[in-house]
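Structure first, then comments.
The values are calculated or read from the model by the stated rules, or taken from the named source; none is laboratory data. Quantities reported herein were computed from a predicted structural model and do not represent experimental measurements. Positions of Cβ are backbone-derived with ideal geometry, glycine not excepted, and every protein chain shown enters the neighbour counts. Please note that ligands, DNA and RNA were not included when accessible areas were found on the heavy atoms of the full protein model with its side chains. Shrake-Rupley method; radii C 1.70, N 1.55, O 1.52, S 1.80 Å.
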Amino acid sequence: QSGPVIDMPVPASFNDITQDPSLENYIGWVWYEKEVLLPLRWLQDDLNTRVVLRFGSVHYYSIVWVNGVQVVEHEGGHLPFEADISSVVQSSPGIPCRITVALNNTLTPHTLPPGSIQYMTDRTRRVADVLYPKNYFVQNIKFDFFNYAGIHRPVVLYTTPSVYIDDITVTTTSSESVAMVQYQVLVVGSTRYYLSLSLRDQEGKVVATGDGSVGELKVLNPNLWWPYLMHENPGYRYFLEVKMQAQANGAALEDVYTLPIGIRTVHVTSTQFLINGKPFYFHGVNKHEDADIRGKGLDWPLIVKDFNLLRWLGANSFRTSHYPYAEEIMDLCDAYGIVVIDECPGVGIKTAESFGNKSLQHHLLVMEELIRRDKNRPSVVMWSVANEPASELAPAAYYFKTVIAHTKALDPSRPVTFVTDANYARDLGAPYVDVICVNSYFSWYHDPGHLEVIPLQLTAQFENWYKTYQKPIIQSEYGADSVPGLHSDPPLMFSEEYQKAMLREYHSVFDKKRKEYMIGELIWNFADFMTNQGTTRVLGNKKGIFTRQRQPKSAAFVLRERYWKIANESSCLPPIIKSHALFL
């Protein structure tokens, strides 16, 4: 017996779709169901056709049935999963395929991100004579964004032959005149097959060929993948076509997959971050997948708008704060040359229980899923395994040593970090990272309203971290809330003037330290976003330089002037872009 049934769009969060306040803040199980008719040709060759059901992401825990048969379970709200449903659908051709999804958005100390359920009994939460309804509970979280839930990304059905290409791994090395593209291809379903590979440039010309499941392709005079504003042709991609041929069940089978790749290298020194051997400075943003009505649901117009704003801003990078973003977003980063620090959902790890072995094993699995999804993306230059964990706690040392070592073993080609707000002398995870990423909010959460403390405190922050670790530093978050249209001179907190003034104080210190060992600055945040209700949040977090509807606040123009000036200092910036920057 089901409860109330309503229409629900996919992809979308369910929270903001209706007028029902109980659904807005609902915690627990919800059910989705849809019937589709599959093409008969998918069902007739049941020996040689494999039918797959794929979910881009479902938040948080999900169980999927097809025609009443359970086909997959998955834990985690931001990464794809799929199921081979061939045996279920091919046994009953001609009837609708019923897809049922149960999802639960409850967060526990062992989920990623963690949370806890608190039952508000008299003994646990009694204040004077305050009482709560029977069995009343709340979901506690230690992160500052709304825990949207639903089927957030596309659901697709596709087919492959029974022998198929399951995975491709590509790494690249290059010099001025030649590049090597190393590849590994995993084929499932048979050990007898033939693989041929061809690499095409953006004009469709074949520039290299190969065969076999492991090998390398030699590319003469390669076009390297460069970040936006670092080259006149950023985001250059080649296309690796992998063709598999096999015999099975008396039939000739062929599976073809085309993988976009970029030829680029990444290297970290004690003072620099190098892309293709040249110093790269992150001047970018932190973001969220967040918008009116659809919550965290994939929204193509919004995605394209955001990329247009990033390029208008002169931003060359962003961090996927605080979870992996949709593949569609990552595709555009590859194509546009927007550099990405790819972060897993390790946000809000604040208690010793969340550093235990159960949490650790899940964290390792999440990193495996993330790296499998994004390992071939040239835009992804660094993995981030957490944001603002309680890394001063004793268990954090072994925890981050293990997670970072596991990440490096899965992908030796990229540096690994996590983002800290801990004291430099007590952070037990920092010894294991390649780049120090520090969040600080001087004159906001610390000494609120006192802009005059920023130069001293921020300078000390940089000098203490560098003296201790001799590693390059990114200011991975800084910022101030501003309510659009709220003005105050002299600047007062929450006014647009205060947000601008804080940025300028930070920037004056950045300009000194980026001549030494500072390799990047990422504003918090690109746009206003929704949070849980609270006495410090008025319809969400207002630290965006754009409103939630993507309109610029005054700070956006401050940042735009700065980012184009930084880009203009680069000797490799094309003349047409330099001239554009001069007229800002």
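The alpha carbon gyration tensor of the stretch 251-314 gives principal lengths a ≥ b ≥ c with a/c of 1.5 or higher and a/b no greater than b/c, which makes the shape oblate. Taking all protein chains as they are arranged and a probe of 1.4 Å, the heavy atoms of residue 353 leave approximately 100 Å² accessible to solvent.
Taking 0.36 nm per residue of separation and subtracting the current Cα-Cα distance, fully stretching the chain between residue 19 and residue 274 would add 86.8 nm. Subtracting the Cα-Cα distance of residue 213 and residue 243 from their residue separation scaled by 0.36 nm leaves 9.7 nm. Extending 7 Å from Cα along the Cβ direction at residue 5 and again at residue 463 yields two label points whose distance is 6.9 nm. Figure legend: label point modelled 7 angstrom from the Cα of residue 221 along Cα→Cβ; residues of the stretch 167-194 with amide N under 16 Å from it are 175-179.
Put a plus charge on the Cβ of each Lys and Arg, a minus charge on the Cβ of each Asp and Glu, and nothing anywhere else: the dipole of the chain about its Cα centre is then about 740 debye.
Excluding residue 26 itself, what net charge comes from residues whose Cβ is under 12 Å from its Cβ, given Lys and Arg +1 and Asp and Glu -1?
Details: positive: none; negative: 16, 20, 24.
Net of charged neighbours comes to -3.
Sorting 322, 446 on solvent-accessible area from highest to lowest, probe radius 1.4 Å, gives 446, 322.
The modelled label-to-label distance between residue 267 and residue 364, using points 7 Å beyond Cα along the C-beta direction, is 3.2 nm.
Normalised by residue count, the stretch 163-261 yields a Cα convex hull volume of 89 Å³ per residue.
Using a ≥ b ≥ c from the Cα gyration tensor of the stretch 279-570 (square roots of the eigenvalues), is it rounded, prolate or oblate, where a/c under 1.5 gives rounded and otherwise the larger of a/b and b/c decides, a/b for prolate? Provide the component values of the computation, followed by the final result.
Details: a/c = 1.42, a/b = 1.22, b/c = 1.16.
Rounded, because the longest to shortest axis ratio a/c is under 1.5.
At 1.4 Å probe radius, can you tell me the per residue accessible area of the stretch 345-435 in Å²? List each step's numbers first, then the result.
Values: 3130 Å² over 91 residues.
Per residue, the stretch 345-435 has 34 Å² of solvent-accessible surface.
With all protein chains in place and ligands, DNA and RNA left out, the 1.4 Å accessible area ranks 305, 565 as 565, 305, largest first. Computed over the chain, the alpha-carbon pair-distance distribution with 20 angstrom bins reads 19, 52, 26, 3, 0, each value a whole percent. Remark: the residue 293-residue 434 segment gains 46.9 nm on full extension, using 0.36 nm per residue and subtracting the alpha carbon distance.
When the residues 296, 350 are ordered by accessible surface, computed with a 1.4 Å probe over the protein chains alone, the sequence from largest down reads 350, 296. Site pair residue 328 and residue 456 shows an inter-label distance of 5.0 nm when each label is modelled 7 Å from Cα along Cα→Cβ.
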